[in-house]
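What follows is a set of notes on a single structure, which appears directly below.
Bear in mind that the values in this text are calculations on the coordinates, not laboratory data. Quantities reported herein were computed from a predicted structural model and do not represent experimental measurements. In this analysis, Cβ positions are derived from the backbone assuming ideal geometry, glycine residues included, and neighbour counts consider all displayed protein chains.
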Amino acid sequence: MPRNVRNFWVEAEVEGRKSKIAFGPQGKEDGFRLTVFMRNKGEVEDVAHVEGASIEGRTLMLWVDCAGEEVKISRER
């Protein structure tokens, strides 16, 4: 875990990579968008979306949409 975690922090481990991929937004009002793509019968589909946002600087919102199933999570800053 990083020393200074902003509103959101994302870490990913990928086979074949020696180190984790880790990132977060720069500013305290910033958010992020993440899309996961997957092959299906030779085509590429976007199958999952994750979005994090700061609402009026007080509430953090996280939206996760996977194959049309959506989950919303909110937390106070």
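At a glance:
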read-out	value
Within a Gaussian network of the chain (alpha carbon springs, distance under 10 Å), most fluctuating of ALA67, ALA53, ALA12	ALA12
GNM flexibility winner over the chain from ASP46, ASP65, ASP30 (Cα, springs under 10 Å)	ASP46
Vicinal HN-Hα couplings computed from phi for the range 29-46 (Karplus, 6.51 cos²θ - 1.76 cosθ + 1.60; Hz; Gly/Pro x)	9, 8, x, 7, 9, 9, 10, 10, 10, 8, 6, 8, 6, x, 9, 10, 10, 8
Length gained when the stretch MET38-GLU56 is fully extended (0.36 nm per residue, less Cα-Cα span)	3.1 nm
For the chain: rounded, prolate or oblate by the Cα gyration tensor [a/c cutoff 1.5]	oblate
Likely footprinting exposure, PHE23, PHE8, fewest C-beta neighbours within 10 Å first	PHE23, PHE8
